[in-house]
Amino acid sequence: MEILSSLNPPQRQAVEQTEGALLILAGAGSGKTRVITLRITYLIAEKNVPPFNILAVTFTNKAAGEMRERVNTFLQGQKLQSAPLIATFHSLCVRILRQDIEHLSEGYTKSFTIYDTSDQQKVIKACVKDIGLDEKQLSARLVQSQISASKNRGEDYEMYASRVEYADERRAAIARVFKMYEERLNNANALDFDDLLIKTVRLLRKSQEIRDKYNNKFKYILVDEYQDTNALQFALIQYLTEKQQNICVVGDDAQSIYGFRGADIGNILSFEEHYPNAKVIMLEQNYRSTQTILDAADAIISNNEGRKEKKLWTKKDGGEKIFYYQAFDADNEARFVASRIEEHQRRNLQDRIAVLYRTNAQSRVFEDAFRRLRIDYNIVGGFSFYERAEVKDVIAYLKLVLNPFDDIALLRVINTPTRGLGKTTLDELSFRARDFGVSHWEALAIITDEKYDQPLNITARALEALRNFKKVIEKLQVKLSESSQTNKSVTEVVMAAIEDTGYANMLRSENSDESATRLENLEELVNAAVDYDKQEEYGLRDFIDHAALSSDMDKFDRNATVTLMTVHSAKGLEFPIVFLVGLEDGIFPHSRSINEPKELEEERRLAYVAITRAEKILYVTHSMRRRVYGEEMTAEPSQFLNELPLDLIQDLSRGSSWLSFARSSATQNNKHAATALSGETISEKPKNLYTGKTYNNAEAIAEFFKKKTDGQQSSTGNQSSIFASREEESKPLSGMDKLRALSSQNKNPPSAISNPNSFVPGSHVRHAKYGKGLVLRREGTGDNVKLTVSFPGFGQKKLIEKFANLEKA
DNA sequence: AAGTAAATTTTTTTT
DNA sequence: AAATTTACTT
């Protein structure tokens with residue numbers, strides 16, 4: 001294969017080493033996808049391996065799709081009898097289970113339903129309620145995450161319960177709910193995401209026959225993003241490679257960012273122990289980024305312990321510096337990004353741009369700013385198409401048709417559109433279902449039967465409504481069996497679920513803008529069905545499975561010029577220009593991870609992933625203020641910013657920034673470096689403040705004057721005063737302000753004013769090691785006073801006031 | 001029972 | 001600030 005000559009030696013070896021176990025440690029941008037796809041191609045074209053003997057597993061549909069596409073391109077012109085199976089872990093499991101789940105003898109049938117997270121929570125909510133517990137004490141959310149975490153460790157509810165210490169009532173309650181939850185899913189013939197893996201592993205463990213079947217089928221197995229595999233996925237791979245160990249895994253421990261989903265970095269770190277004859281190939285040449293970007297990424301990740309040492313290198317030269325911007329607030333940050341994008345696009349429209357943030361909630365301000373400047377953008381994440389209520393409703397009808405035991409689907413649509421069924425009736429139905437020990441659908445059939453003569457807490461009218469609903473579903477079932485012969489079966493049934501159920505009419509009669517959008521979304525669903533029918537061989541079953549397992553990532557348009565997404569979603573992608581935004585303490589690293597060293601390391605890997613997405617230009621931004629839950633909060637720069645080498649950064653901030661402060665601090669330790677650096681920044685700043693003729697100039701000037709009136713600034717240009725909140729002293733106090741001032745003094749008797757050695761929340765302090773910081777919280781009294789202080793660049797620290805040796809700043 | 005107003009909660013990250 | 005849940009009215 002001549003194309004192989006375009007590979008570097010380790011890449012080429014990774015392609016040609018087809019037999020046995022192989023671990024490819026592929027650094028960011030090292031041509032990993034190219035190697036995997038060529039490897040598949042090589043197996044087929046050179047080694048004459050029948051395509052159906054090849055299995056490639058990925059985590060996302062997007063990655064699978066891309067791989068499929070690339071392999072097809074490489075194999076163009078070749079006539080193949082079959083295609084290699086390129087699937088996600090979950091879709092692979094669905095495939096296996098749809099064929100063989102009945103061998104498990106756990107009561108599941110091939111027409112099982114898949115429950116997504118919100119379905120799970122509904123079941124859990126009902127369980128918590130039926131157990132007689134207060135929903136507020138035991139939120140469905142918490143229980144769901146506990147159950148999922150437990151399942152991903154490979155436990156069942158008995159193992160979970162056995163780990164419960166008898167004193168812990170809450171955990172004991174969760175264990176009870178866990179048990180009930182499992183029973184109800186079983187009754188509903190439903191599997192959650194985790195079950196897909198669990199049941200498959202259990203099936204393979206149980207049956208030698210089935211294990212053989214898949215071992216014989218998949219002779220060559222590839223696993224992408226191996227660092228993200230959890231215990232279950234590991235077990236699955238173990239079983240599938242039992243016979244021939246032609247297993248190739250690709251990954252990068254530095255990019256392991258799914259610990260929260262049970263991913264075990266140990267799987268990749270100890271691959272050689274699991275497969276003693278394994279070969280290891282390192283791909284360290286980076287083809288993506290400039291040296292500057294790689295240096296920045298390396299500087300960040302080297303703060304982590306416990307990783308495989310590797311150093312990326314590139315033939316590219318230094319390239320642009322990393323651009324830095326400190327914003328006043330989130331809106332200002334978004335406007336900055338928008339105006340820079342506009343500038344880039346004026347110069348060059350080819351360069352794709354990504355705006356990466358830690359949480360989906362951050363996207364909104366950017367969307368607004370982009371709309372204002374009429375910048376076309378593409379957003380990944382948030383609510384996916386299949387998560388929209390109307391789409392879920394119609395899908396619920398279809399799920400119910402395929403699996404009438406699906407209680408969640410039934411309850412979702414039984415009164416949508418309204419059929420005159422209220423809470424009382426539905427509660428009675430649920431009660432009967434529990435009482436008889438059957439599904440809601442069966443209970444409904446029993447109590448609506450003419451011959452049923454037991455007393456019921458249901459009016460005649462409601463009973464008629466139930467019969468009516470039953471007829472609607474039965475008609476859909478007939479439609480499904482009738483149309484299964486035609487080649488438009490999916491479309492027909494989907495349309496029936498929209499029209500014949502009265503759903504479309506409900507929306508039409510609403511006649512609002514919103515209902516019009518919903519109708520459009522349903523049309524979109526019909527379009528998806530039409531596409532599905534074109535691919536033949538796949539029926540309604542697969543269509544629904546697809547809807548259940550597809551995520552928003554799948555709609556990522558690789559040709560879009562501007563894309564907004566979370567850092568997690570960006571993994572595996574690359575962009576000439578990247579904006580990494582919201583680099584603030586509590587956002588990135590996220591507040592939930594900040595106190596746990598392990599989780600903080602994962603955040604750092606996440607930052608590493610973010611930085612290494614950039615090919616040519618990287619921006620890092622943060623804001624001084626941000627709204628959290630609708631409340632304005634001060635935000636401190638991320639500690640990750642502090643881990644970037646200062647000489648790689650160019651400051652684009654208006655006014656004095658945290659960066660210039662950090663630089664002048666560095667100055668004190670190293671006078672020589674200092675003059676070079678601070679000379680540049682100080683001369684730049686006032687110019688920007690006075691002459692900048694942009695949208696936020698007024699704000700910039702206001703910010704500047706705020707500093708001037710501050711009066712406390714040192715003459716050396718120490719820019720720390722952004723944190724200051726001393727305006728009250730120069731302004732007349734309002735009545736409310738006076739009250740607040742009084743009460744805060746009373747709460748903390750030795751106030752900062754009366755006692756120079758103690759510090760109240762909001763005051764600024766200086767620490768010998770961490771420098772200047774903002775006091776966030778004060779707890780305890782006397783010698784036991786504990787302070788929570790946020791130090792820009794170092795994060796939040798808890799300090800004992802007595803020992804911390806803090807100074808007023 | 002259904003629609004509206006008020007109260008409450010929400011934000012990690014994803015298959 | 002927005003979305004979801006609950007409480008209240010008709």
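The values are calculated or read from the model by the stated rules, or taken from the named source; none is laboratory data. Just so we're clear, the structure is a prediction, and the values are computed from it rather than from any experiment. All Cβ positions, even for glycine, are placed from backbone atoms using ideal geometry, and neighbour counts span all protein chains on display. When the accessible area is computed, the model is the full protein with side chains, heavy atoms only, and any ligands, DNA or RNA have been set aside. Shrake-Rupley method; radii C 1.70, N 1.55, O 1.52, S 1.80 Å.
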Before we move on, is A:Lys125 open to solvent by 60 Å² or more (accessible area, probe 1.4 Å) and touching a helix residue (DSSP H, G or I) at 6+ places or on another chain (Cβ under 8 Å)?
yes
A:Leu138 vs. criteria aliphatic (A, V, I, L, M) and either touching a Gly at 6+ places or on another chain (Cβ under 6 Å) or loosely packed, with under 14 Cβ neighbours inside 10 Å (or both)
no
Among A:Ala278, A:Ala263, which is the only one that is in contact (Cβ under 8 Å) with a residue 40 or more places away in the chain and open to solvent by 10 Å² or more (accessible area, probe 1.4 Å)?
A:Ala278
Please work out which residue is farthest from A:Leu312 (Cα to Cα), limiting yourself to segment A:25-46 and to residues that are open to solvent by less than 30 Å² (accessible area, probe 1.4 Å) and assigned to a loop (DSSP other than H, G, I, E, B).
A:Gly31
As an exercise: evaluate A:Asp406 against (1) within 14 Å of DNA strand C (Cβ to nearest atom); (2) touching a residue at least 60 places away in the same chain (Cβ under 8 Å) and give the number of the one condition it does not meet.
(1)
Could you give every pair whose Cβ atoms fall below 6 Å, whose first residue belongs to segment A:575-595 and is in contact (Cβ under 8 Å) with a residue 12 or more places away in the chain and over 13 Å from A:Gln639 (Cα atoms), and whose second residue is open to solvent by less than 10 Å² (accessible area, probe 1.4 Å) and part of a loop (DSSP other than H, G, I, E, B), counting only separations of at least 6 or pairs across chains?
A:Phe575/A:Arg613; A:Val578/A:Arg613
Considering only segment A:174-183, I want to know if a residue exists there that is of a type in the set (Phe, Trp, Tyr) and within 16 Å of DNA strand B (Cβ to nearest atom).
yes
Cβ-Cβ under 8 Å, sequence separation 6+ or interchain: first residue in segment A:108-128 and among the small types (Gly, Ala, Ser), partner outside any helix (DSSP H, G or I). Which pairs?
A:Ser111/A:Asn189; A:Ser111/A:Asn403
Scan segment A:1-24 for residues that are acidic (Asp, Glu) and part of a loop (DSSP other than H, G, I, E, B) and jot them down.
A:Glu19
In segment A:66-88, how many residues are β-branched (Val, Ile, Thr), open to solvent by less than 50 Å² (accessible area, probe 1.4 Å) and assigned to a helix (DSSP H, G or I)?
1
Please specify each residue of segment A:269-291 satisfying the condition of being in a helix (DSSP H, G or I) and either over 26 Å from the mean Cα position of the chain (by Cα) or modelled with pLDDT of 90 or more (or both).
A:Phe271, A:Glu272, A:Glu273, A:His274, A:Gln291
Within segment A:647-657, is even one residue within 14 Å of DNA strand B (Cβ to nearest atom) and not in a helix (DSSP H, G or I)?
no
Could you check segment A:15-29 and list, in sequence order, the residues that are under 18 Å from A:Gln245 (Cα atoms), of a type outside the set (Val, Ile, Thr) and under 30 Å from the mean Cα position of the chain (by Cα)?
A:Leu22, A:Leu23
Members of segment A:89-111 that are open to solvent by less than 20 Å² (accessible area, probe 1.4 Å) and either assigned to a helix (DSSP H, G or I) or modelled with pLDDT under 95 (or both):
A:Phe89, A:Leu92, A:Cys93, A:Val94, A:Ile96, A:Leu97, A:Asp100, A:Ile101, A:Leu104
If a residue has to be open to solvent by 40 Å² or more (accessible area, probe 1.4 Å) and farther than 21 Å from A:Leu269 by Cβ to count, how many in segment A:1-24 make the cut?
10
Being modelled with pLDDT under 95, part of a helix (DSSP H, G or I) and more than 30 Å from A:Thr634 (Cβ to Cβ) is the requirement here; does A:Lys315 meet it?
no
Residue that is closer than 23 Å to A:Asp264 by Cα, among the basic types (Lys, Arg) and under 27 Å from the mean Cα position of the chain (by Cα), where the choices are A:Arg153, A:Arg171, A:Arg95, A:Arg163:
A:Arg153
Report, ordered by the first and then the second residue, all pairs with beta carbons closer than 6 Å, sequence separation of six or more or different chains, a first member in segment A:509-520 that is under 17 Å from A:Thr416 (Cβ atoms), and a second member that is part of a helix (DSSP H, G or I) and at pLDDT 85 or above.
A:Ser515/A:Leu507; A:Arg518/A:Glu390; A:Arg518/A:Leu507; A:Leu519/A:Leu507
Could you tell me which of the residues A:Gln238, A:Gln245, A:Gln227 is within 17 Å of A:Ile96 (Cβ to Cβ), of a type in the set (S, T, N, Q), more than 16 Å from DNA strand C (Cβ to nearest atom) and not in a strand (DSSP E or B)?
A:Gln238
Would you pick out the residues in segment A:365-407 that are in contact with a helix residue (DSSP H, G or I) (Cβ under 7 Å, 6 or more places away or on another chain), outside any helix (DSSP H, G or I) and under 30 Å from A:Arg626 (Cβ atoms)?
A:Leu373, A:Ile375, A:Tyr377, A:Ile379, A:Val380, A:Gly381, A:Gly382, A:Ser384, A:Arg388
Report every pair of residues separated by at least 6 positions or lying on different chains whose Cβ atoms are under 7 Å apart, first residue within segment A:367-390 and open to solvent by less than 20 Å² (accessible area, probe 1.4 Å), second more than 14 Å from DNA strand B (Cβ to nearest atom) and part of a loop (DSSP other than H, G, I, E, B).
A:Phe370/A:Tyr377
Return the residues of segment A:567-586 that are within 8 Å of DNA strand B (Cβ to nearest atom) and buried (at least 21 other Cβ atoms within 10 Å of the Cβ); say none if nothing qualifies.
A:Val567, A:Ser569
Give the residues of segment A:421-430 that are within 14 Å of DNA strand C (Cβ to nearest atom) and either in contact with a helix residue (DSSP H, G or I) (Cβ under 8 Å, 6 or more places away or on another chain) or of a type in the set (Ser, Thr, Tyr) (or both), sorted by residue number.
A:Gly422, A:Thr424, A:Leu426
Please state which of the following conditions A:Ser509 fails to meet, knowing it meets all the rest: (1) open to solvent by less than 40 Å² (accessible area, probe 1.4 Å); (2) farther than 30 Å from A:Tyr357 by Cα; (3) among the hydroxyl-bearing types (Ser, Thr, Tyr).
(1)
Residue pairs meeting the criteria (Cβ under 6 Å; at least 6 apart or on separate chains; first of a type in the set (Asp, Glu), in segment A:198-225; second open to solvent by 10 Å² or more (accessible area, probe 1.4 Å)):
A:Glu225/A:Phe59
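How many residues are of a type in the set (Phe, Trp, Tyr) and within 16 Å of DNA strand B (Cβ to nearest atom) when one looks only at segment A:618-646?
Qualifying residue count for the region: 2.
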Can you work out which of the residues in segment A:119-147 that are assigned to a helix (DSSP H, G or I) and of a type in the set (Gly, Ala, Ser) is farthest from DNA strand B (Cβ to nearest atom)?
A:Ala126
The lone condition A:Pro417 fails out of (1) within 16 Å of DNA strand C (Cβ to nearest atom); (2) within 30 Å of A:Leu540 (Cα to Cα); (3) under 38 Å from the mean Cα position of the chain (by Cα); (4) surrounded by fewer than 16 Cβ atoms within 10 Å (Cβ to Cβ) is (1)
